Amino acid sequence: MGASEYFSAGSNAAITALVEREHQLSVFFNTVADVTFLLNVEDDGRYRFLFVNKAFEKTTGLPVDKVEGNYVEDIIPEPSLSLVLTKYNEAVTTLQRVVWQETSDYPTGQVVGEVSVTPVCDEIGHCRQLVGVVHDLTKEKQAEVRQQLLTEKLIRQNSDLQQFTYIVSHNLRAPLANALGFADLLPRLDSDSEAFKMSLQHLGTSLRQLDQIMTDVNDILSMRDLKDGYRSEPVAVAEVCQQALSGLQEALQACGGQLRNAIPTALRVPGSRAYFHSIFHNLISNAIKYRSDARPLRIDIESRMESDAVTVVVRDNGSGFDQQKVSKDIFQLYQRFHPGEPGRGIGLYLVKAHVEAMGGKISVRSHVNEGTEFILHFKARADGNLSH
Amino acid sequence: METYLIDDDYLAIYLTEQLLRAEGFSNSICTFQSAKEALAKLVKERETVVPHVVFLDLNMPEMDGWQFLDALAPYEEKLRGNCAIYILTSSLALADLEKSKHYDLVAGLIHKPLDSEEIRAIQSRLEDGPASA
């Protein structure tokens, strides 16, 4: 066997081995789930993609053949581009592996990844290539954000419940203490006396107050239950407002008040009809209750449409309140600001709860002796007002 | 014994007044459903008739019991030894008891309802003289 034959046979085997090896590497390269790429450091300092794996295409949505052979600045958009170039330069100069976290927008959506580039040097120690790996953290990040939102929601609910328990126990104690006192007093009074008659009556009143609080608690709790279960429907707000008004028409006329409902009849806001009814009923009856003696009551109800939001405003010219003093407490359960006025301090608590159950927000503006304005914001889209 | 009753709850005022009368505590009881009104009368009459005892509710709209006490600060000198303020509250919160200790004018904190034992204890303390009140 001649030497040439030996070499030729040998080189054939070597080529087969090389092809086999290249195939193995390619399988390996493309099976790795992390985005992997090889960059050439050009003589002018620019970076050109030599290889990118299948994971690169899957994550970024950019086809492999559109990326390989192209310069980095033609593939990666700003503002990511400036960041990655700085990092590549750092790896090239320091000859160290550089790692960073990055959020990029690709055709497939936003991708959060931990990127690392490792310099590959030639025999005289110059960085010629960079090996990059991107570990996709999008799912972890999304889970983290979801987890955080859930935790915040739980903390908020927990503190709400704690507050609720505190307020209820506090408000149960007041009529209970009265009932105990009257029960203690009654046997010591002459049963024919006026004081005996009054005390017996007051004992009954105290017990009815206790019962009323239990009914309130029940209402509030059943509303909490419904919160996650109700189905959003397009509500004809103007019509519901008119219905709520008809129940209060007598009281409004008795005080010589006027109400102008300027909500367009065609307006539909996704939510619950019953909630809107309760909201208007409570706001209108509050306006009647806390009107000013100095002028006839006037209530204006209006709505504003913005691109993706509806604002409903209920404004009165009543006695108003000192906003700096009470604004943050006004929606609190059993908070009362008007001495001598009847009221249990549950109306505005329910209004806020109903608005929020429909995904809306409520705020208030008031000036003493000028009036009060409740501003309700709702999303205009159905999915926006679903309970959350 | 000049007595003030300050409570926004009409039933509570009626009850406390009857309980005090049943024990023969006082022949002069002024009742207020607003702390502001009580404050105005007290300040106006401070040179002539200072109440010996004030029963003060805490949880009231507009001006609560603490705000009433704070508003009395400028007259503390005048009132000390002459006027014993008892907080009379339905709340069982421990924080209220702690807070009440920061007010020199407050002689004690009583949980509603007031009972005969408590009334007699206050009576005997006041009869022993203002120093121990």
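Read-outs: derived from the displayed coordinates by stated rules, not from any lab. Everything numeric here is computed off the predicted structure, so don't read it as measured data. We place every Cβ from the backbone using ideal geometry, glycine too, and count neighbours over all the protein chains shown.
Odds and ends about this structure:
- Using only the C-alpha atoms, the convex hull of segment A:229-388 corresponds to 112 Å³ per residue.
- Exceedance of the 28 Å cut-off in Cα-Cα distance is limited, within the set A:Lys66/A:Lys139; A:Lys289/B:Lys99; A:Lys361/B:Lys99, to A:Lys289/B:Lys99; A:Lys361/B:Lys99.
- Computed across the protein assembly as shown, the Kirkwood radius stands at 30.3 Å (inverse of mean 1/r, all Cα pairs).
- In terms of its C-alpha gyration tensor, segment A:203-316 comes out oblate, because a/c is 1.5 or above while a/b does not outweigh b/c.
- Between helix A:3-31 and chain A: long-axis angle, C-alpha atoms, 0 to 90°, nearest 10: 0
- Burial ordering of B:Arg120, A:Arg298, fewest other beta-carbon atoms within 10 Å first: B:Arg120, A:Arg298
- Computed from the Cβ-Cβ distance with R0 of 35 Å, the FRET efficiency linking A:Arg156 to B:Tyr10 stands at 0.40.
- Nearest-ten-degree value, helix A:194-227 long axis tilted from longest Cα axis of chain A: 20
- Gain on full stretching of the segment that runs from A:His377 to A:Thr108 - 0.36 nm per residue minus C-alpha separation: 93.5 nm
- With neighbour counts taken as other beta-carbon atoms within 10 Å, the residues A:Thr151, A:Thr205 rank, fewest first, as A:Thr151, A:Thr205.
- Springs between Cα atoms under 10 Å define the GNM used for chain B, and in it the highest mean-square fluctuation of B:Asn82, B:Asn27, B:Asn59 occurs at B:Asn27.
- Chain A: angle of helix A:138-185 to the longest principal axis, Cα-based, in degrees nearest 10: 20
- Label point distance in nm, A:Lys139-A:Arg268, each placed 7 Å from Cα along Cα→Cβ: 4.0
- Among A:Met214, B:Met60, B:Met1, the order by Cβ neighbours within 10 angstrom, fewest to most, reads A:Met214, B:Met1, B:Met60.
- Placing +1 on the Cβ of every Lys and Arg and -1 on the Cβ of every Asp and Glu, with no other charges, gives chain A a dipole of roughly 1740 debye about its Cα centre.
- Taking Cα centre as origin and charging only the Cβ of basic (Lys, Arg, +1) and acidic (Asp, Glu, -1) residues, the dipole magnitude of segment A:143-291 rounds to 500 debye.
- Debye intensity ratio in log₁₀ form over the Cα atoms of chain B, taken at each q of 0.13 Å⁻¹: -0.48
- Net charge in the neighbourhood of A:Val120 (other residues with Cβ under 13 Å of its Cβ; Lys, Arg +1, Asp, Glu -1) is 0.
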